[in-house]
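Shown next, in structure tokens, is the structure this report addresses.
The values are calculated or read from the model by the stated rules, or taken from the named source; none is laboratory data. Because the structure is a prediction, the values reported are computed rather than measured. Cβ coordinates were reconstructed from backbone atoms using ideal geometry, including for glycine residues, and neighbour counts include every protein chain displayed. We work out accessible area using only protein heavy atoms, side chains counted, and drop any ligands, DNA or RNA first. Shrake-Rupley method; radii C 1.70, N 1.55, O 1.52, S 1.80 Å.
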Amino acid sequence: MTVRVGYFPHNNSLFVLRHTGILERRLPDVEWVDLRELPAKPAVNPENALPTLHSDWLFEEGGYDVIGTGFTPPVTGLAQGRDLVYIGISGPRVENGRLVVKAESEINTVEDLRGKRVGIAHGSWQTTLLLFALDQAGLTWSDIVPVDTDVRGGGADLFDGTIDAWVGAYPGLTDIEANHELRTLIATDGLFSHPSLWFTRRDFADTNPEALQAIIEALQESDAWIEANPREAAQIFVDDIEKRGGSASIDAWEAALRGRPFGVNPVTDEFLDEQQRAADLLLSNGLLPKAVTVREAVVPWISEFVGSDRSSI
């Protein structure tokens with residue numbers, strides 16, 4: 001049986017795993033699906049909807065069996081009625097990004113964002129960060145003007161006046177910080193844990209437990225390699241960008257990778273509480289079509305396997 005694994009650069013772990021050959025030693029028939037090469041989905045209005053492509057391709061022909069993303073996509077999928085289940089989470093990525101404005105901006109607090117244009121990679125963790133920040137300040141989604149930007153883009157939009165504030169992420173923040181003065185409006189640390197996470201279809205987990213276990217083990221091995229070899233891992237991203245006609249700094253990518261936690265860990269009650277809070281806020285702010293109960297997406301044996309000690313095997 002061929003197992004299809006989705007990947008794209010924004011999930012660093014799966015992107016590196018795609019290029020190491022580690023998974024192929026466990027699953028010779030693995031097929032890698034580059035999310036960037038799949039047909040684009042129609043754009044959604046960031047004021048009242050969320051993009052669903054990450055979970056959609058778990059269930060649509062030509063997609064994949066496993067994917068890794070940031071914080072928001074599993075909640076979005078569950079609200080669309082997708083029967084997906086969590087595989088695991090990384091540690092907190094609180095140094096990965098934050099909500100910023102230009103140093104000279106008259107926006108001094110989150111409350112000052114009322115009526116302002118805020119750039120986010122809509123549907124990613126950035127949507128959750130902004131929503132949590134607004135809720136903490138007593139504001140709602142309708143109090144701001146959300147502007148969809150590339151997941152690591154938006155810095156140029158901030159400085160040409162297209163947007164007034166930006167949820168930026170490294171390494172995209174690196175280039176902006178090198179040439180402009182920024183001011184942090186709210187940090188990720190203390191607001192939410194912002195882990196990477198991985199999920200799959202329930203039917204795939206039920207019928208292919210050995211394949212799923214092999215993917216988990218390969219991810220954990222590959223993540224350990226990234227931690228031990230961050231510059232070599234950074235080169236994988238730089239090579240991909242240059243192959244596509246862009247340019248990238250290996251130093252910036254190495255710094256970004258060194259600043260992130262790697263490893264696949266079991267889902268925790270604290271994580272599930274955050275996911276539920278995000279789901280409830282997304283619903284109450286008109287971004288989800290229905291309520292969800294995130295703990296229904298937990299499969300105990302998966303968490304037990306993810307957390308098991310295999311060092312002596």
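Which value results when the Cα radius of gyration for segment 41-107 is divided by 2.2 N^0.38 Å?
Working: Rg = 15.8 Å, N = 67, 2.2 N^0.38 = 10.9 Å.
Scaled against compact globular proteins, the figure is 1.45.
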With the label point 7 Å along the Cα-to-beta-carbon line of Thr184 and a cut-off under 13 Å to each amide N, the hits in segment 71-110 are 94-101
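Semi-axes of the equivalent ellipsoid of segment 100-199: what are they in whole Å, largest first, if each equals the square root of 5 times a C-alpha gyration tensor eigenvalue?
Numbers: eigenvalues 69, 60, 32 Å².
Square roots of five times the eigenvalues give 19, 17, 13 Å.
Where the convex hull is taken over the Cα atoms of segment 79-134, what is its projected area averaged over directions, in nm²? It would help to have the intermediate numbers written out before the result.
Numbers: hull surface 23.0 nm².
So the Cα hull casts an average projection of 5.7 nm².
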The answer for segment 203-313, accessible area per residue at 1.4 Å probe in Å², is 50
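Summing +1 for each Lys or Arg and -1 for each Asp or Glu, what net charge is found among the other residues whose Cβ lies under 15 Å from the Cβ of Val292? If you can, show how the numbers build up before the last one.
On the way: positive: Arg82, Arg202, Arg277, Lys290, Arg295; negative: Asp83, Asp273, Glu274, Asp280, Glu296.
Computed value for this residue: 0.
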Over all pairs of different Cα atoms in segment 3-145, the reciprocal of the mean inverse distance gives a Kirkwood radius in Å of 17.2
Mean projected area (nm²) from the convex hull of Cα positions in segment 1-75 is 5.6
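Can you work out D for segment 251-293 in µm² s⁻¹ from Stokes-Einstein, where Rh is the Kirkwood radius over C-alpha pairs, the temperature is 20 °C and the viscosity is 1.002 mPa s?
Working: Rh = 12.9 Å.
Roughly 166 µm²/s, to the nearest whole number.
Could you look at the chain and say what percent of its accessible area is carbon and sulfur, using a 1.4 Å probe and all protein chains? All intermediate terms of the calculation are to be shown ahead of the outcome.
Values: 6110 of 13080 Å².
Here it works out to 47 percent.
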Taking Rh as the Kirkwood radius computed over alpha-carbon pairs of segment 185-308 and applying Stokes-Einstein at 25 °C with viscosity 0.890 mPa s, one gets a diffusion coefficient in µm² s⁻¹ of 141
Residues whose modelled amide H sits under 5 Å from the amide H of Phe71, counting only those 5 or more places away in sequence or on another chain, are Trp125
As straight-line cross-link partners of Lys102, the qualifying lysines (C-alpha separation under 28 Å, not fewer than 8 residues apart within one chain) are Lys116
Cα-based Rg then Dmax for the chain, in Å, read 19.0, 58
In order over segment 165-173: 3J(HN,Hα) from phi, Karplus 6.51/-1.76/1.60, θ = phi - 60°, whole Hz, x for each Gly or Pro, gives 8, 8, 8, x, 9, 7, x, x, 5
HN-Hα couplings for segment 19-30 via Karplus (6.51, -1.76, 1.60; θ = phi - 60°), in whole Hz with x for Gly/Pro, come out as 9, 9, x, 5, 5, 4, 5, 9, 10, x, 9, 5
Residues meeting the amide H criterion for Val33 (H placed from the backbone, H to H distance under 5 Å, 5 or more places apart or on another chain) are Val5, Gly6, Tyr7
Residue-ordered couplings for segment 62-75, obtained by feeding phi - 60° into the Karplus form 6.51 cos²θ - 1.76 cosθ + 1.60 and rounding to whole Hz (Gly and Pro as x), are x, x, 9, 9, 9, 8, x, 9, x, 5, 7, x, x, 4
Output ordering of 206-217, 57-68, 166-177, 240-251 (per-residue mean of other Cβ within 10 Å, highest first) is 166-177, 57-68, 206-217, 240-251
For segment 185-313, the charge dipole (Cβ of Lys, Arg +1; Cβ of Asp, Glu -1; about the Cα centre) points to a positive end, and the Cα of Asn229, Ala279, Ile216 closest to that extreme belongs to Ala279
Ranked output for segments 141-150, 30-39 by mean other Cβ atoms within 10 Å, highest leading, reads 141-150, 30-39
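When DSSP beta bridges are limited to those with both residues in the chain, what percentage is antiparallel, rounded to the nearest 5?
Values: 19 of 31 bridges.
Around 60 percent of the beta bridges assigned by DSSP in the chain are antiparallel ones.
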So for R0 = 22 Å, FRET eff. of Asp175-Asn229 from the Cβ-Cβ r, to 0.05, ends up at 0.35
Projected onto their principal axes, the Cα atoms of segment 116-168 stretch, largest extent first, over whole-Å spans of 29, 20, 13
If one compares the long axis through the Cα atoms of helix 230-243 with the longest principal axis of the Cα atoms of the chain, the angle in degrees, nearest 10, works out at 70
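Given an 8 Å cut-off on Cα distances and at least 6 residues of separation, report the relative contact order of the chain as a percent. Each step should come with its number before you reach the end.
Details: 547 pairs, mean separation 80.8, N = 313.
This gives 26 percent for the chain.
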